Each structure stands twice: as structure tokens, then as C-alpha cells.
């Protein structure tokens, strides 16, 4: 037995109310939604945690609902349920595209979308699609609720705006009618892998002009980021290959990759430009735009 | 703490520590040996079990997390026609070398065949990506699973 989970106190919450009481009362506490990241983090002593609150059994946190102009996803919804959801397939297909490439079937059966976001890994794969969809996160505590745009949720590696006693309850994903979106992930291998860099893009085109362009990347900054320089350059510009190539290069102004076990910073920079271009082209194709 | 769940159709109650994994409970307390201790970090798939019918790594799950759930291992599927078909196809196609990863592959493949998901060789490969064979016999494993699916259709 090589890995051991340190001794912990385990609390099982069966309602949201109960979970909020536990996490506000307990010190040195972590929320366990599926545990796919947390238990490994405990095994490798990434965190010193005394108390674990298991929210996986809270039914009111697991749902995917079509609410017309947006889709609401409960924070404890399992990744595999997102992959298989007909609602996500129609209203936010780029999210399903990204989640389908995350980890493995066994992991997707326990890992949750809320866990992926709250764990705030710079390589979180649910982040780029949710960033380009302008998702909003509903955070709840005993004091009440607040809504935070996902662009403001991440603060840095493993850091979010979540306060002590606060829990992510729901992800609100606006339905982008008429948009084309895509997600491309580069890993060290094709199967069951972490991102070296991943890019999501979303475009809306009217009369041959970029009406809206959104680009987001992970693994190339301390947190998943929007590539605002690319977006600014392309917005209101005529759709053309040269504009896309020029725009994709601007991604370098938005990222600050490091070298680590998965890739060098230089490789990440080069691939960010290439994948931004590829993903923009794919998004245009899906929006029905011919170059 | 006491945890109660259904193991292979039978209710069980075990006394566990909060930090105990399902893998340890199954192997050390419940004598379930088809579930293998491999990487212990949710990567290799040798410890795969079904929790409420869904393939899950037992090395990265607290036993406390399966309270009230149904846990299935190959011990509970000995007489299952799908598992029998898979086993015979694994043997026929030479999809087993050292055999350590085999129970994990069979139970994941069983869940896949039960799921009613489309079974192209591409999809079989995709859904089995969470199981690693270090003898590197993937081609024959994928062939065996696809062949079992074909045989069961008839």
C-alpha cells in the first residue's frame, strides 16, 4: 500500500442546508463532491485537511435543466451525465465536447462539474467552454446567495472567490443561439490525459463580420483565462483567413505559460496560437460560415 | 463508522475508518479478490467496480461514499451471460497476457455492453481508456469486446 489517505473526520450531508451548516461550522474543512481530485490530493498531501463534508448524496444539487434562454446545471452533477445529456447536446454542445475528453469513464462517473471548477486547477477542462459561454456561478451560504460570472471566479491555482462557508450551487449556462463553438485539447497522449493546453472558442457572424468572438484557454496561465486581445482584434472585423491568423497570434498577449512536467512554456505558446486558429476555424464552420 | 451497502446483491454492513477506501474494504474485509490493487491513484483501472451500475475506481472512493449503494464486482457476475461471453472472447482472442488487468477490463466492458451505448471499435476504445494493460495488448482486448457484443446481438 503505497498511498494512504490521512486520518479525517467524515460528515455526510443529505441536504444543502445541512452541508452549509457543516462547512460554516467546521474548521479546516474540504467539500467532497465526487472525490476524484480531493482524495488524490489528500493522498499526496497537497492539503492538510481535518474535516471532509460529503455532498455527493444531495439530490437537490444534481440536475440539468433547460430553462429556455439558459441551462441550469447543479454543482454536484456528474461529468458523465453532462456528456450524455440531450439538453447539453442541443444547448451547450461545446461543454459536452470538452467534458467527453476529460479523464476516463470511471472518473467521469464520480467527478462533478462543481468539483472541477472549485478545485480551480489551471488545467480544469470545464473552464474554457464555460468561459466562452459566459456562464454564471450561483454561490450560496447560510447568509444568502450571490452570482459571480465565471470570468471572475478563479483567482489563481487552487484559489477561487468562494468564501468560508460558501458552496457552489449551480452553473447557469446561457444558450447562445446562432453561435458556432468548439473545443480543442492537446495532451501528452490522446486518451485519459491532462491538458498541455486546451482552447475553446465561440463565434457569431453577421453579414461576413465577426459579431462576437470569445476565446478561452487553460493550462497556460495561473488560472483558466479569456483571450481578450484576440477577441478585441477580431470583433467587428471582416471574416478572413488572414484576420484569423493575425488574431490568433494575439493570444500570446493573454497567456503566461510555465514549463512543467507536461510541456515547456515555449511549446505551450506555439500551440496556443495554432489551436486558437484551428478552433476559430472549426467554430466558423459550425456557425455555417464559409471562408 | 458503520457503512451499509449492497455487495453483489447481498446487504453488508462493515465497520470502517473514515479514510478507508472501498478497495481496502473489499479486499481486506470482504474477501473480494477480483478487485486489484494497481496504481492506487485512479489511473490504471485494475480496481474497477460498479457502483449503482456505473464503473468506478474503488481505490479512489471512500467506503463511506457507498452507503446505501449497490456495489458489483465480478464475484457477483459469475453466471451472467454477458460476462461469460466476454470471458470466452477474451480467451479466444488472446486478449489476456499476465491477467492482472483482466477483471477491470471485463467489468468495464460488461457495463459498456449493458449500457446500450453504440459499440464501434472507436467507442469501445474510448470507453475503455480508463483501463491500462501494461502488457500492451489493447488491440486484442478491443477485438474481444467488439466480438462479444456481436455474439450477444445474435
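Do you know which of the residues in segment B:27-36 that are within 14 Å of chain A (Cβ to nearest Cβ) and surrounded by 20 or more Cβ atoms within 10 Å (Cβ to Cβ) is farthest from the chain's Cα centre (by Cα)?
Only one residue tops the list, namely B:36.
When segment A:58-78 is examined, which residues are found to be within 14 Å of another protein chain (Cβ to nearest Cβ) and surrounded by fewer than 17 Cβ atoms within 10 Å (Cβ to Cβ)?
A:59
Taking residue A:7, is it farther than 26 Å from residue A:173 by Cα, surrounded by fewer than 15 Cβ atoms within 10 Å (Cβ to Cβ), within 10 Å of another protein chain (Cβ to nearest Cβ) and over 18 Å from the mean Cα position of the chain (by Cα)?
On the way: farther than 26 Å from residue A:173 by Cα: yes; surrounded by fewer than 15 Cβ atoms within 10 Å (Cβ to Cβ): yes; within 10 Å of another protein chain (Cβ to nearest Cβ): yes; over 18 Å from the mean Cα position of the chain (by Cα): yes.
Here the answer is yes, as residue A:7 does meet what is asked.
State all residues of segment A:37-48 that are in contact with a helix residue (DSSP H, G or I) (Cβ under 6 Å, 6 or more places away or on another chain) and more than 19 Å from residue B:44 (Cβ to Cβ); if no residue qualifies, say none. Please lay out each step first, then the result.
Initial filter on segment A:37-48 (in contact with a helix residue (DSSP H, G or I) (Cβ under 6 Å, 6 or more places away or on another chain)): A:37, A:39, A:47.
Of everything in segment A:37-48, just one residue is in contact with a helix residue (DSSP H, G or I) (Cβ under 6 Å, 6 or more places away or on another chain) and more than 19 Å from residue B:44 (Cβ to Cβ), namely A:47.
Residues checked against (1) outside any helix (DSSP H, G or I); (2) away from chain A (no Cβ under 14 Å); (3) more than 23 Å from residue B:154 (Cβ to Cβ):
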{"residue": "B:85", "(1), (2), (3)": "no, yes, no"}
{"residue": "B:88", "(1), (2), (3)": "no, yes, no"}
{"residue": "B:100", "(1), (2), (3)": "yes, yes, yes"}
{"residue": "B:103", "(1), (2), (3)": "no, no, yes"}
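Could you check segment B:111-130 and list, in sequence order, the residues that are in contact (Cβ under 8 Å) with a residue 40 or more places away in the chain and away from chain A (no Cβ under 11 Å)?
Correct list: B:114 only.
Select from segment A:177-196 the residues that are under 24 Å from residue A:109 (Cα atoms) and part of a strand (DSSP E or B) and list them in ascending order.
Filtering segment A:177-196 down to residues under 24 Å from residue A:109 (Cα atoms) leaves A:182-196.
Result: A:182, A:183, A:184, A:185, A:186, A:187, A:195, A:196.
Which number in (1) within 14 Å of another protein chain (Cβ to nearest Cβ); (2) touching a residue at least 12 places away in the same chain (Cβ under 8 Å); (3) in contact with a strand residue (DSSP E or B) (Cβ under 6 Å, 6 or more places away or on another chain) marks the one condition that residue A:107 misses?
Every listed condition holds for residue A:107 apart from (3).
Condition first: farther than 19 Å from residue A:105 by Cα, out of contact with any helix residue (DSSP H, G or I) (no Cβ under 7 Å at 6 or more places or on another chain), more than 10 Å from every other protein chain (Cβ to nearest Cβ) and buried (at least 20 other Cβ atoms within 10 Å of the Cβ). Can you find one or more residues in segment B:4-13 that meet it? Full working, then the answer.
As a first pass, look at segment B:4-13 and keep what is farther than 19 Å from residue A:105 by Cα: B:4-13.
Next cut, out of contact with any helix residue (DSSP H, G or I) (no Cβ under 7 Å at 6 or more places or on another chain) only: B:4, B:6-7, B:10-13.
The next check asks that each one be more than 10 Å from every other protein chain (Cβ to nearest Cβ); those that pass are B:4, B:6-7, B:10-13.
Narrowing further to those that are buried (at least 20 other Cβ atoms within 10 Å of the Cβ): B:7.
So far as segment B:4-13 goes, yes, one or more of its residues are farther than 19 Å from residue A:105 by Cα, out of contact with any helix residue (DSSP H, G or I) (no Cβ under 7 Å at 6 or more places or on another chain), more than 10 Å from every other protein chain (Cβ to nearest Cβ) and buried (at least 20 other Cβ atoms within 10 Å of the Cβ).
Enumerate the pairs (first residue in segment B:83-95 and at positive phi and assigned by TED's automatic domain parsing to the domain that holds residue B:110; second residue anywhere and at pLDDT below 95 and surrounded by 13 or more Cβ atoms within 10 Å (Cβ to Cβ)) with beta-carbon separation below 8 Å, excluding pairs fewer than 6 apart on the same chain, so at least 6 apart or on different chains.
Close Cβ pairs satisfying both conditions: B:94/B:137.
Kindly indicate the residue of segment B:54-74 that is in contact with a strand residue (DSSP E or B) (Cβ under 7 Å, 6 or more places away or on another chain) and more than 9 Å from every other protein chain (Cβ to nearest Cβ) and also surrounded by the fewest Cβ atoms within 10 Å (Cβ to Cβ) among those meeting that condition.
B:70
Within the bounds of segment B:134-148, is there any residue that is over 16 Å from the mean Cα position of the chain (by Cα), under 17 Å from residue A:105 (Cβ atoms) and part of a helix (DSSP H, G or I)?
yes
Which of the residues that make up segment A:4-16 are in a loop (DSSP other than H, G, I, E, B) and over 21 Å from residue A:141 (Cα atoms)? Before the answer, list the steps.
Of segment A:4-16, the ones in a loop (DSSP other than H, G, I, E, B) are A:4-8, A:13-15.
Selection gives A:4, A:5, A:6, A:7, A:8.
What single numbered condition from (1) out of contact with any strand residue (DSSP E or B) (no Cβ under 9 Å at 6 or more places or on another chain); (2) surrounded by fewer than 23 Cβ atoms within 10 Å (Cβ to Cβ); (3) within 14 Å of chain A (Cβ to nearest Cβ); (4) within 30 Å of residue A:3 (Cβ to Cβ) fails to hold for residue B:135?
(3)
So which of B:153, B:89 is over 15 Å from the mean Cα position of the chain (by Cα), over 29 Å from residue A:111 (Cα atoms) and surrounded by 21 or more Cβ atoms within 10 Å (Cβ to Cβ)? Show your work before the answer.
Details: B:153 fails: surrounded by 21 or more Cβ atoms within 10 Å (Cβ to Cβ).
So the residue among B:153, B:89 that is over 15 Å from the mean Cα position of the chain (by Cα), over 29 Å from residue A:111 (Cα atoms) and surrounded by 21 or more Cβ atoms within 10 Å (Cβ to Cβ) is B:89.
Which ones in segment A:13-41 are more than 22 Å from the chain's Cα centre (by Cα) and closer than 14 Å to residue B:65 by Cβ? Let's see the steps before the verdict.
Going residue by residue through segment A:13-41, those that are more than 22 Å from the chain's Cα centre (by Cα) are A:13-29.
If the condition is that a residue be more than 22 Å from the chain's Cα centre (by Cα) and closer than 14 Å to residue B:65 by Cβ, then A:13, A:14 are the ones that fit.
Among A:124, A:98, which is away from chain B (no Cβ under 14 Å), in a helix (DSSP H, G or I) and surrounded by 21 or more Cβ atoms within 10 Å (Cβ to Cβ)?
From the options A:124, A:98, the qualifying one is A:98.
The values are calculated or read from the model by the stated rules, or taken from the named source; none is laboratory data. Bear in mind that the values here come from a model prediction, so they are computed numbers and not experimental data. Counting neighbours? That spans all protein chains shown, and the Cβs are built from the backbone with ideal geometry, glycine included.
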